[in-house]
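Encoded as structure tokens, the structure appears first; notes follow it.
The values are calculated or read from the model by the stated rules, or taken from the named source; none is laboratory data. Model, not experiment: these values are computed from the prediction. All Cβ positions, glycine included, derive from the backbone under ideal geometry; neighbour counts span all protein chains shown.
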Amino acid sequence: MLREWQSQCVDAVLGKYQSGSPHFLCLACPGAGKTVMAAEVAKRMLELNLVDIIICFAPSTAVVSSIKSTFSHRLQSSFCGGLGSVGTAFTYHNLMYFDKKFWESLQRHRLLIIFDEIHHCSGDTLDNANVWGGEILTLIQKCASYTLALTGTPWRTDNVPIVLSNYTDPDGEICCDYVYGLHEAIIDNVCRKPKIALINSDNLVYSSEETTKDFGSIAEILNENLVSYQSILWHPKAMSYVIKAGCEKLREIRMVNSDAGGLVVASSVVHAYKLMYLLENEFGQSATIVTYHDKEALSKIKQYRQGTTEWIVSVGMISEGTDIPRLQVCCHLSTVKTELHFRQVLGRILRVSQRKNQEAWLFTLATDELTLYSERLANDLPKGYNVLQDKAEEKLFPIYETLPSSVGLSQKSDEREVKEIDLKIDFSEENDSGLPYSQNTQCLKVGSLYQRVIDAFLFTNM
């Protein structure tokens with residue numbers, strides 16, 4: 001059975017195609033079920049004898065594997081590109097290796113081409129297109145009878161147009177043919193309602209041979225450029241605090257959902273192994289690790305999806321499109337702080353399951369950017385990500401003037417942890433983290449730590 005939004009969207013896609021418009025852009029929040037909807041479109045198009053072959057593109061091998069499985073099941077046919085298959089799926093990276101003969105051979109057929117997470121492909125002309133966008137503009141458009149583009153985050157951090165997309169003039173807002181946002185998905189019980197725990201300290205003391213300074217927040221000291229965000233993420237005490245908070249929440253959830261899982265998003269492969277060591281040896285958790293260096297990553301993800309292991313630690317493997325419904329807790333410890341990445345990571349814990357407890361918690365550090373992104377989760381298209389017609393004055397991140405009416409913010413918890421932790425960072429030590437350490441000994445003392453919980457959908461009826 002299709003969800004109501006999926007059924008409505010399928011009808012909208014078919015209606016637009018049959019009216020003579022060959023392209024459709026669907027915005028549906030991460031975890032809503034875009035792949036199933038797209039597979040149903042493909043099924044209906046085959047039944048109506050409007051297409052012969054379906055080709056899908058996606059940003060990663062993990063997502064491609066999921067697409068092949070979903071389409072094969074929905075179409076009741078092989079979807080591997082072999083003899084008798086109705087189609088197949090590729091990564092966007094594969095676009096660079098298809099020659100003109102490949103596309104010319106397909107021009108004899110009626111093609112439905114589906115682009116998952118289309119925001120990875122940019123450009124409305126060859127002048128501003130990235131490699132994948134350029135291939136779509138020059139080759140795919142010529143041989144595709146119909147195209148279906150999917151995205152959960154319809155913007156790019158570089159403000160370059162998404163390929164095949166239309167924008168309003170002069171506002172530069174993207175024009176989507178169908179929109180199913182997180183607010184609607186939560187009301188429909190299609191997605192979980194997320195809570196973001198921003199970990200902060202109101203008593204930081206930085207000292208070096210030259211100076212000693214006090215700071216009232218992590219954001220404040222980062223804005224002074226005295227320490228890097230990476231150095232905080234790497235420090236054993238900082239890592240331990242975030243992981244401990246995630247483990248405690250996962251333990252609570254597993255008292256009801258025995259197979260609930262947690263995701264740790266690390267900043268590098270070495271960082272991931274340090275975090276995994278903490279999980280297993282300091283907190284007694286079971287864990288597995290997947291990185292872009294791991295040839296067995298796809299099979300490990302599959303095993304984790306079907307198993308009961310508590311944690312999976314990832315570097316660049318579980319960010320968007322990866323379907324693991326039992327994930328309910330995430331520790332975000334990546335150095336990537338774009339809003340696009342933040343929302344895609346959050347989407348990994350929003351997929352509903354059949355279990356009784358449907359909480360979703362993300363733990364991260366309270367930088368200015370991550371705080372801003374958390375506060376405006378209720379916006380499907382955040383301000384500041386329109387396609388700019390004129391080059392605007394560069395800012396580190398947009399100023400958020402007013403919160404949407406659906407946003408509720410809790411104050412500092414009365415039950416906050418006030419354990420004193422000294423983060424003594426010796427920049428002269430040899431290390432394997434690759435951090436740009438200097439020869440001066442510097443020390444950062446972190447006082448009382450607390451969590452500020454942001455519920456961007458506090459007033460949503462469940």
- Matching residues, the range 223-247, being loosely packed, with under 15 Cβ neighbours inside 10 Å and in a helix (DSSP H, G or I): 223, 236
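Among the listed residues 305, 254, which satisfies the condition of being in the same structural domain as residue 332 (by TED's automatic domain parsing), more than 25 Å from residue 206 (Cα to Cα) and in contact (Cβ under 8 Å) with a residue 40 or more places away in the chain?
On the way: 305 fails: in contact (Cβ under 8 Å) with a residue 40 or more places away in the chain.
Within the list 305, 254, the selection yields 254.
Which of the residues that make up the range 278-333 are in a strand (DSSP E or B) and among the hydrophobic types (A, V, I, L, M, F, W, C)? It would help to see each step written out before you state the result.
Just the residues of the range 278-333 that are in a strand (DSSP E or B), to begin with: 287-291, 311-315, 327-332.
The answer is 287, 289, 290, 311, 312, 313, 315, 327, 329, 330, 331.
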- Among the residues of the range 1-35, count how many are part of a helix (DSSP H, G or I) and not polar (S, T, N, Q). 12
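Residues 309, 338: which one is in contact with a strand residue (DSSP E or B) (Cβ under 9 Å, 6 or more places away or on another chain) and of a type in the set (Val, Ile, Thr)? Even if it seems obvious, please write down each step before you answer.
On the way: 338 fails: in contact with a strand residue (DSSP E or B) (Cβ under 9 Å, 6 or more places away or on another chain).
Only one candidate qualifies: 309.
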- Message: Of the residues 104, 117, only one is among the charged types (D, E, K, R) and free of Cβ contacts under 8 Å to residues at least 60 places away in the same chain; which?
- Response: 104
- Message: When the residues of the range 274-299 are narrowed to those that are out of contact with any strand residue (DSSP E or B) (no Cβ under 6 Å at 6 or more places or on another chain) and touching a residue at least 24 places away in the same chain (Cβ under 8 Å), which ends up surrounded by the most Cβ atoms within 10 Å (Cβ to Cβ)?
- Response: 278
- Does residue 252 qualify as being within 19 Å of residue 325 (Cβ to Cβ), more than 20 Å from the chain's Cα centre (by Cα) and part of a helix (DSSP H, G or I)? yes
- Positions within the range 82-113 being buried (at least 17 other Cβ atoms within 10 Å of the Cβ), assigned to a helix (DSSP H, G or I) and either within 32 Å of the chain's Cα centre (by Cα) or not assigned by TED's automatic domain parsing to the domain that holds residue 142 (or both), in sequence order: 92, 95, 103
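Would you check if there is a residue in the range 67-81 being outside any loop (DSSP other than H, G, I, E, B), farther than 28 Å from residue 301 by Cβ and at pLDDT 95 or above? Don't jump to the end; show me each part of the working.
Initial filter on the range 67-81 (outside any loop (DSSP other than H, G, I, E, B)): 67-75.
Within this subset, residues satisfying the condition of being farther than 28 Å from residue 301 by Cβ are none.
For the range 67-81, residues outside any loop (DSSP other than H, G, I, E, B), farther than 28 Å from residue 301 by Cβ and at pLDDT 95 or above: absent.
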- Residues of the range 153-176 being more than 20 Å from residue 55 (Cβ to Cβ) and in contact with a Lys or Arg (Cβ under 7 Å, 6 or more places away or on another chain), in sequence order, are 153
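Going by what's in this entry, would residue 146 be described as in contact (Cβ under 8 Å) with a residue 60 or more places away in the chain, crowded, with 20+ Cβ neighbours inside 10 Å, touching a helix residue (DSSP H, G or I) at 6+ places or on another chain (Cβ under 7 Å) and not hydrophobic (A, V, I, L, M, F, W, C)? Write out each step before concluding.
Working: in contact (Cβ under 8 Å) with a residue 60 or more places away in the chain: yes; crowded, with 20+ Cβ neighbours inside 10 Å: yes; touching a helix residue (DSSP H, G or I) at 6+ places or on another chain (Cβ under 7 Å): yes; not hydrophobic (A, V, I, L, M, F, W, C): yes.
For residue 146, the condition - in contact (Cβ under 8 Å) with a residue 60 or more places away in the chain, crowded, with 20+ Cβ neighbours inside 10 Å, touching a helix residue (DSSP H, G or I) at 6+ places or on another chain (Cβ under 7 Å) and not hydrophobic (A, V, I, L, M, F, W, C) - is met.
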- Message: Residue pairs, Cβ under 6 Å, 6 or more apart or interchain, first in the range 218-234 and closer than 24 Å to residue 275 by Cα, second among the acidic types (Asp, Glu). List them.
- Response: 219/368
- Report the residue count in the range 152-204 for those that are in a helix (DSSP H, G or I) and at pLDDT below 90. 0
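Please go through the range 195-217 and give me each residue that is among the small types (Gly, Ala, Ser) and either closer than 26 Å to residue 331 by Cβ or within 30 Å of the chain's Cα centre (by Cα) (or both), ordered by number. Reasoning before the result, please.
Residues of the range 195-217 that are among the small types (Gly, Ala, Ser), as a first pass: 197, 201, 207-208, 216-217.
Those that are among the small types (Gly, Ala, Ser) and either closer than 26 Å to residue 331 by Cβ or within 30 Å of the chain's Cα centre (by Cα) (or both): 197, 201, 216, 217.
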